[in-house]
Amino acid sequence: MMDKKPIADLHSHPSLKPFRNKEQFPDIWVNGSNKQPKDYFKLISLRKWVVKAVLKKMATFSQSNLDDCFKGGNRLLFCSIYPFERPFLRPDRPFSRAKRFHRFALKFLFRKKVYPKGIKIDVKISSLLSGGSREWLHKVIDRIHRDDVEFIKYFDEYIKERDFLFNNDNTTSSGGHNGVIPKFCMAKNYEDLQSKKGQDVVSGIFTVEGIHSFANYKRDNLLFKNSIDELSTADQNRLKKEFTDNLILVKKQKYPPFFITLSHHFNSLIAGHAASFADHKFIQPGFKDIFNQLPGMNTGITSFGEKLIKDYLLSREHGPRILIDTKHMSIQSRRRYYEMIKEIKDDDSLHENIPIISSHTAVSGISTLQKAEEEIDSRPSDKHSFVSRYDINITDEDIIETFKSDGLIGICMHDGRMPGGKFRKKIKQAGKDRKKLKKLHVQMFLTNVFHIVKVNLAFIRNENETRVTSKIEEQDAWKTIGLGSDNDGIVDPFDHYDTAADLTNFKNDIINFINDYDHARNQNYKIITLFDNEHREGELSSAQIKEFLLGQTATEIADRVFYNNTDVFLSKYFTQHYLESVVPDLVV
């Protein structure tokens, strides 16, 4: 039986690798590893050396297998499925957007010829990065390059991975942990979750990454158009019918998605996405040099996208409501979505609250969406900042909109997405020192946590100045924060906290760090205060930490971040009553 506070993770991919490679990852319970460069390349090979350098920063092993989840105290797993976006498997030859040296290196790495020799290299490298089998990857990569292939069938792949996940419902571990044989149980709603409370169960809530999951696209439209509005009338009508028909079907399944991201790395033709790939670093090319995210990037929500949101996703007319996860949405898309949920709440016939969810994100320290939009996403823009200022990360305005909506922010554990130049420099100086690296990642995570609390608290105090009654509790500044690891999402994870098995240790290290904040060993790892102007960054004092704790202990706030806030959120928005029937406006 579980005698400690469990952990909830708002975003992970336990089925991603086992679904695509049963040889390396037999099921969602057991640990497994991707193939290694030595399995695909000659003993002495410059290509192998380059690929190994890239893989050093990636999680080439299972991070969210259920045995590790149970071992690490992760009892509530939001299971995100993701039909691989085909541009992620199609390097942007001839790499014309890369600088000359990087272009030369990439042509050598991926081969200049695309078909068929280039396909073989793409398959090997994609297998090493994603963990997918060569057989599966060859099938999908071949289709994205062949001109005689008309459709990219994302919805078909969605169904297969969904069924793979659902077939693991009510399965048990083959090995167990300390004599206990845990069980995996999918949950349809909060009432279902409560029935498993206190048992040796890893509960799963079904979510989806990318609206593209619900349609089959014409290949050329997907690769070369920016939005559904650019398609022929016939293609528009076909795609619109696919989306609406498929979403109606999805809502009738046993476990409809609780939430989905409207965007992901590449164009869906429905809503704009934010840049998510890094620039090059010195002689090493970045993902931005390899893959083309430009079609549809930084655009807004199309008129048809708005119809999907209002009439099919958030509507209960065709089945349970599906909430929107704003992660990966462009600034224009986020801005319009915030306006839309306000319009829904202000509608006299509904008065309904729609919570904003950002399931696996980080803070940018920038105050407004407008200011973030004015900055150019690039490594030089991050040079003098502790955190990354890329606009995929959330601004103070995003934080406040989430608070106002009674929403939830899952903070990721990602060395690629979170750090600015100052933090990268500290990581480099730490080398392979395990203790220093762990402290740095606690510092980064808590810098994100306390920044959200600081922004929320300032908003609460400003609001309370004008309220005579119904003042907002100041401790509510903590209510919107959760964990969203993005485990198994093909990420660069925190060193030494890189699987679900490490989550309880990570949580305990956070508690100890706050309790011993003024100890000499923590001197170089203080929580950073963030501002629009990164040159104003400073360190939180112990007095400021005490102020932001608002009378709570370190253990109490860690419990909130790692489980309680998510549980309270689900008690309001994952209920059968909220998802399936019209309810009065919730007091938030």
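The values are calculated or read from the model by the stated rules, or taken from the named source; none is laboratory data. Remember, it's a predicted structure, so these values are computed and weren't measured experimentally. Every residue, glycine as well, gets a Cβ built from its backbone with ideal geometry; the counts of neighbours run over all protein chains shown. Heavy atoms of the whole protein, side chains included, go into the accessibility calculation; ligands, DNA and RNA do not. Shrake-Rupley method; radii C 1.70, N 1.55, O 1.52, S 1.80 Å.
To the nearest 20 Debye, how big is the dipole of the range 109-254 about its Cα centre, given +1 on the beta carbon of each Lys and Arg and -1 on that of each Asp and Glu?
Roughly 420 debye for the range 109-254.
In nm, give the distance between the simple-model label positions of V114 and L550, each being 7 Å from the Cα along the Cα-to-Cβ direction.
In this crude spin-label approximation the distance works out to 5.4 nm.
Using the per-residue mean of other Cβ atoms lying within 10 Å as a proxy for protection, in what order, highest first, do the peptides 87-96, 103-112 fall?
The most tightly packed comes first, giving 87-96, 103-112.
Working out 0.36 nm times the residue gap between H384 and K342, then minus their Cα-Cα distance, what length gain in nm do you get to one decimal?
That pair, H384 and K342, stretches by 11.5 nm at full extension.
Note down, for the range 457-570, the three equivalent ellipsoid semi-axes (square root of 5 times each alpha carbon gyration tensor eigenvalue), biggest first, whole angstrom.
27, 20, 15
Each label point is 7 Å from the Cα along the Cα-to-Cβ direction; what then is the distance between the points at K42 and N462, in nm?
6.3
Output the relative contact order of the range 336-415, whole-number percent, from Cα pairs under 8 angstrom with separation of 6+ residues.
Once divided by the residue count of the range 336-415, the mean separation gives 39 percent.
With unit charges on the beta carbon (Lys/Arg positive, Asp/Glu negative), name the residue among G484, Y497, I528 whose Cα is farthest towards the positive pole of the charge dipole of the range 434-588.
Working it through, the farthest residue towards the positive pole turns out to be I528.
At a threshold of 8 angstrom on Cα-Cα distance, excluding pairs fewer than six apart, so keeping six or more, what relative contact order does the chain reach in percent?
In percent, rounded to a whole number, it is 17.
Can you pull the Rg over Rh of the range 166-274, Cα-only, Kirkwood?
So for the range 166-274, dividing Rg by the Kirkwood Rh gives 1.14.
Taking only protein heavy atoms into account and a 1.4 Å probe, give the accessible area per residue of the chain in Å².
40
Step through the table entries K22/K56; K52/K288; K307/K342; K404/K471; K57/K439; K160/K288, compare each Cα-Cα distance with 21 Å, and write down the pairs that go over it.
K22/K56; K160/K288
For the charge dipole of the chain, defined by +1 on Lys and Arg C-beta atoms and -1 on Asp and Glu C-beta atoms about the Cα centroid, which residue among S133, I119, I366 has the Cα displaced farthest towards the positive pole?
Checking the options against the dipole of the chain, the answer is I119.
Under a straight-distance cross-link criterion of Cα-Cα below 13 Å, which aspartates and glutamates are reachable from K426, leaving out those fewer than 8 residues away in the same chain?
Those aspartates and glutamates meeting the cut-off are D415.
Size of the dipole of the chain about the Cα centre, Lys and Arg at +1 and Asp and Glu at -1 on the beta carbon, nothing else charged, in debye to 20?
About 3220 debye.
So, in nm, how far is label K435 from label D518 when the simple model puts each one 7 Å beyond its Cα toward the Cβ?
The modelled label-to-label distance comes out at 2.2 nm.
Along the charge dipole of the chain, which of L223, Q332, Q443 sits closest to the positive end, that is, farthest toward it, with unit charges on the beta carbon of Lys, Arg, Asp and Glu (+1, +1, -1, -1)?
Highest projection toward the positive end goes to L223.
Could you work out [θ]222 nm for the chain from helices alone, using -39500 (n - 2.57) per DSSP H run of at least four and dividing by all its residues? Round to the nearest 500 deg cm²/dmol.
My calculation for the chain gives -11500 deg cm²/dmol from helical runs alone.
Going by the alpha-carbon gyration tensor, a ≥ b ≥ c the square roots of its eigenvalues, is the range 471-524 rounded (a/c under 1.5) or, if a/c is not under 1.5, prolate (a/b greater than b/c) versus oblate?
Note, shape of the range 471-524 comes out oblate.
What helices does the chain have that are whole DSSP H segments, at least 27 Å long along their own axis by Cα, and with mean Kyte-Doolittle hydropathy of -1.0 or more?
Qualifying helices, which must be both long enough and hydrophobic enough, are 434-465.
Could you sort H11, H384, H535, H318 by accessible area so the largest value comes first, with the probe set to 1.4 Å?
Sorted descending by solvent-accessible area, the residues read H535, H384, H318, H11.
Can you give the net charge of the other residues whose Cβ lies under 10 Å from the Cβ of G72, counting K and R as +1 and D and E as -1?
So the environment of G72 carries a net charge of -1.
If you take the square roots of the eigenvalues of the alpha-carbon gyration tensor of the chain and sort them as a ≥ b ≥ c, do you get rounded (a/c under 1.5), prolate (a/b over b/c) or oblate?
Verdict is rounded for the chain.
If you roll a 1.4 angstrom probe over the protein chains with everything in place, what fraction of the accessible area of the chain belongs to carbon and sulfur, to the nearest %?
Heavy-atom surface of the chain belonging to carbon and sulfur, 1.4 Å probe: 51 percent.
With a sphere of radius 10 Å drawn around the Cβ of N522, what net charge do the other residues whose Cβ falls strictly inside it have (Lys, Arg +1; Asp, Glu -1)?
+1
Return the percentage of antiparallel bridges among DSSP beta bridges fully within the chain, rounded to the nearest 5 %.
Percent antiparallel among DSSP bridges in the chain is about 30.
Find the lysine pairs in the range 472-588 meeting two conditions, Cα atoms under 18 Å apart and a separation of 8 or more places or different chains, and report how many there are.
For the range 472-588, the number of qualifying lysine pairs is 5.
Using a 7 Å offset from Cα along Cα-Cβ at N505, what residues in the range 48-89 end up with backbone N under 17 Å from the label point?
Only 59-65, 67-74 fall inside the zone, counting backbone N under 17 Å.
How much length would be gained if the chain were fully extended between N178 and K241, taking 0.36 nm per residue of separation minus their Cα-Cα distance, in nm to one decimal?
Residue separation times 0.36 nm, minus the Cα-Cα distance, leaves 17.5 nm.
May I ask you to rank E374, E397, E343 by accessible area, largest first, using a 1.4 Å probe over the protein chains only?
My answer, sorted largest first, is E374, E343, E397.
Shape of the range 52-199 from its Cα gyration tensor (a ≥ b ≥ c, root eigenvalues): rounded if a/c is under 1.5, otherwise prolate when a/b > b/c, or oblate?
Cα axes put the range 52-199 in the prolate bin.
Heads up, I need the accessible area for T233: 1.4 angstrom probe, whole protein in place, Å², nearest 10.
100
Quick one: dipole size for the range 391-502, taken about the Cα centre, charges +1 on Lys/Arg Cβ and -1 on Asp/Glu Cβ, in debye to the nearest 20.
860
Just reorder K241, K252 by solvent-accessible area, largest first, 1.4 Å probe, all chains present.
Most to least solvent-accessible, the answer reads K252, K241.
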